[in-house]
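Here is the structure we will look at, set down as structure tokens.
Any read-out appearing in this document is the output of simple, stated calculations on the displayed coordinates, not a laboratory observation. On a predicted model such as this, the values are computed, not experimentally measured, just so you know. Methodologically, a virtual Cβ is constructed for each residue, glycine included, from the backbone with ideal geometry; neighbour enumeration extends over all protein chains shown.
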Amino acid sequence: PQPISGSFTIEYWMKTSQVSLTGTHWRFGSGIVDAYVAMATTGFGTSLLNGKLAFGIGGPDVTLQSSTTVNDGKWKHVAVSWDQTTGTMNLYINGSLEATGAGSTMARTAPTKIRIGSIQTDNNFFNGSLDELRIWDGVRSSEEIKANLHNELTGTETDLTAYYDFNQGTAGET
């Protein structure tokens, strides 16, 4: 389920060598964490696009892209945030701010769920690994992002609305 409607921060570790789709909007990429709804203006998401990490907000569409290439087969920590009050969008790779911009200040109400591994419309699948996916209610500061970059969480942290550490399962099994 989609756990946020206002300001948020999404963090995760990713690793991929996937050949990248190209385009100008995040929803044209291979979806990583996505809440896009066709024809709705309040979607958002991250994707692999043009070999970079793309982060977008709808209404109107604004997409930021990292300066770092992320499809090089190496682990990268990604953090993106959106402040509903100001529309400020930030994109971090490995704890460093790489892009900032301004998007809409409308509440993110259209998506009822967040899709992991593809664009919400069930296409543009991500081929790679994800770990430590965190969704926060509110904007995390760069200091907060850096402080927990390499730490697993307990899952009870204040303002943490969704946490997937992907440690479940049995080794060698699906």
Before we move on, is residue 17 in a strand (DSSP E or B) and surrounded by fewer than 18 Cβ atoms within 10 Å (Cβ to Cβ)? no
Would you be able to tell me the number of residues in the range 46-94 that are on the phi > 0 side of the Ramachandran plot and under 14 Å from the mean Cα position of the chain (by Cα)? 1
Within the range 43-78, can you find the residues that are under 14 Å from residue 14 (Cβ atoms) and of a type in the set (Asp, Glu)? 72
